[in-house]
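Participant: Right, I'll just put the structure down here and ask away after.
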Amino acid sequence: MSKSAKVKKKANNTTPSKDFKQGFYEPNADWIDISITIKNHMVHWPDDPPVLIERILDMKSGSNCNLSVASMSLHTGTHVDAPCHFLKSGVGIDQIPITAIIGLARVIEIQNQRKINLKELHLHNIGSGERILFKTRNSERCWKTGTFVKDFVYLSTEAAQFLASKKVQTVGIDYLSIGGYKKNETEVHRLLLEAGIWIIEGLNLAHVEPGIYELICLPLKIEQGDGAPARAILRAIQKT
Ligand SMILES: [Zn+2]
């Protein structure tokens, strides 16, 4: 290959994507971290064991490296639920389609202080294939305390049926369950998972305005895991 051909090949490799050229993505927009930090004794679902992270090798004590072990539920902090969490024949988190957790997502702000109901969802013109992240008062309220908040804002059963009928791709919520504590937790999970909708829980959207974003949310690839902690980030989309 001649020198000029090499240069040309390199230039082709760095050609911006079609979306980028159309100004669809904002190249300088900052990524917003919408994940909860995993730490010792952090808040968790009441039935789950405590989160324990222990440093078993410590350089301060003469070890040649630092090394820690962790013990926690797979539904700790920001995490993705797998279908097998509530469906006997559902697949595990290792089978998640990448398109469910990377791509455009819409942050919808919910005004209702108790639950996400059908009436409010109807205001947002939700369509097939969407990735929807619900920003509720949970984001500002629930993460400030290390104690589990029982009365967090959750998805009503009717709203879950609606999202299932709309065939959205992914639904996210800003506390530890999409269904209400000791309310409709099981039925809401089943409705969504049976409809093939992936569920992201434990988001913090306090510092995110409603709108369209690019989402990346990658749960750990745990074989047949019923869920897995994830790092979730958003990037604003340039309006053209
Ligand atoms: Zn869940």
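Bear in mind that the values in this text are calculations on the coordinates, not laboratory data. Fair warning: this is a prediction, and the values are worked out from it, not measured in the lab. Heads up, the Cβs are rebuilt from the backbone with ideal geometry, glycines too, and the neighbour counts pull from every protein chain shown.
Participant: Taking the Cα centre of the chain as the origin, how large is its charge dipole in debye, to the nearest 20, when only Lys and Arg (+1) and Asp and Glu (-1) carry charge on their Cβ atoms?
Facilitator: 1000
Participant: If we sort 74-80, 127-133, 226-232 on the protection proxy, mean other Cβ atoms within 10 Å, highest first, what's the order?
Facilitator: Ranking, from highest mean packing down: 74-80, 226-232, 127-133.
Participant: Quick check on the chain: of the DSSP beta bridges with both residues there, what percent are antiparallel, nearest 5%?
Facilitator: Antiparallel bridges make up about 70 percent of those DSSP assigns within the chain.
Participant: Show that you can apply the helix-only estimate: for the chain, add -39,500 (n - 2.57) for every DSSP H stretch of four or more residues, divide by all residues, and state [θ] at 222 nm to the nearest 500.
Facilitator: -4500 deg cm²/dmol
Participant: Can you compute the radius of gyration and Dmax for the chain, using only the Cα atoms, both in Å?
Facilitator: Every Cα atom of the chain included, Rg and Dmax give 20.2, 69 Å.
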